[in-house]
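Data block below; observations after.
The values are calculated or read from the model by the stated rules, or taken from the named source; none is laboratory data. Just so we're clear, the structure is a prediction, and the values are computed from it rather than from any experiment. Backbone-built Cβ (ideal geometry, glycine too); neighbour counts: all protein chains shown.
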Amino acid sequence: MTADLPEFYFRVRENGALVYRVDTENRQRRIEMEQIAVVNVNKGEIKPHGDRELTPGELEEIRAWMEDRQRLLARREMDDIHRAIDHLNLTAQWAQARATPEQLEEVTDALLLAMHDLRSVLVRKKADRVMKG
């Protein structure tokens, strides 16, 4: 198992990751992980852990991971939007076919406000694109 381990491990967190160097070359043949950096994907920051200075190779690996992570998050974001469209359609079907008056009373105002807000943003953004294009 240890021969197949990567050189670095990225513990993902809300806005980036903690970066660890994976070490299996020790007397006990145990997996040891030494934190070497903290990464903020949103800001594009790489901060060495403690007094450590990162090597050019480490920085290259971390930057490559950051680029891959940003692409993955962008794909997930678009997938979430497509799922939201599906949920809106399912919600319309539910409201039309299965919702009780009490259920509709519970959610109607919140749904109408959320849809109004979304529609306002989409119309404004569409107008901006039309004016530029």
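With respect to GLU102, determine if the residue is part of a helix (DSSP H, G or I) and touching a Phe, Trp or Tyr at 6+ places or on another chain (Cβ under 8 Å). Considered against the rule, which asks whether it is part of a helix (DSSP H, G or I) and touching a Phe, Trp or Tyr at 6+ places or on another chain (Cβ under 8 Å), GLU102 comes out as no. The condition of being within 25 Å of the chain's Cα centre (by Cα), more than 25 Å from GLU45 (Cβ to Cβ) and part of a helix (DSSP H, G or I) holds for only one of ARG83, ARG76, that being ARG83. Pairs meeting the criteria (first residue in the stretch 49-73 and closer than 15 Å to LEU18 by Cα, second residue in a helix (DSSP H, G or I), beta carbons under 8 Å, at least 6 apart or on different chains) are LEU54/ILE62.
Of the numbered conditions (1) more than 24 Å from LEU122 (Cα to Cα); (2) at pLDDT 95 or above, ILE81 satisfies every one except a single condition; which is it? For ILE81, the exception is condition (1).
A count restricted to the stretch 74-95 and to residues that are under 29 Å from ARG21 (Cα atoms) and of a type outside the set (D, E, K, R) stands at 1. Within the set ILE62, ILE81, the sole residue that is surrounded by 11 or more Cβ atoms within 10 Å (Cβ to Cβ) and either among the hydrophobic types (A, V, I, L, M, F, W, C) or within 30 Å of LEU111 (Cα to Cα) (or both) turns out to be ILE62. Is it fair to say ALA95 is of a type outside the set (D, E, K, R) and either surrounded by fewer than 13 Cβ atoms within 10 Å (Cβ to Cβ) or over 30 Å from LEU113 (Cβ atoms) (or both)? For ALA95, the condition - of a type outside the set (D, E, K, R) and either surrounded by fewer than 13 Cβ atoms within 10 Å (Cβ to Cβ) or over 30 Å from LEU113 (Cβ atoms) (or both) - is not met. Is there a residue being of a type in the set (A, V, I, L, M, F, W, C) and touching a helix residue (DSSP H, G or I) at 6+ places or on another chain (Cβ under 8 Å) anywhere in the stretch 59-79? Among the residues of the stretch 59-79, not one is of a type in the set (A, V, I, L, M, F, W, C) and touching a helix residue (DSSP H, G or I) at 6+ places or on another chain (Cβ under 8 Å), which makes the answer no.
The residues of the stretch 5-48 that are loosely packed, with under 12 Cβ neighbours inside 10 Å, more than 22 Å from LEU72 (Cβ to Cβ) and free of Cβ contacts under 8 Å to residues at least 12 places away in the same chain, listed by number, are GLU25, ASN26, ARG27, GLN28, ARG30.
Yes or no, residue by residue, for (1) more than 17 Å from ILE81 (Cα to Cα); (2) part of a helix (DSSP H, G or I); (3) within 31 Å of the chain's Cα centre (by Cα); (4) of a type in the set (Phe, Trp, Tyr):
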| residue | (1), (2), (3), (4) |
| --- | --- |
| THR91 | no, yes, yes, no |
| GLN96 | yes, yes, no, no |
| THR108 | yes, yes, yes, no |
| MET131 | yes, yes, no, no |
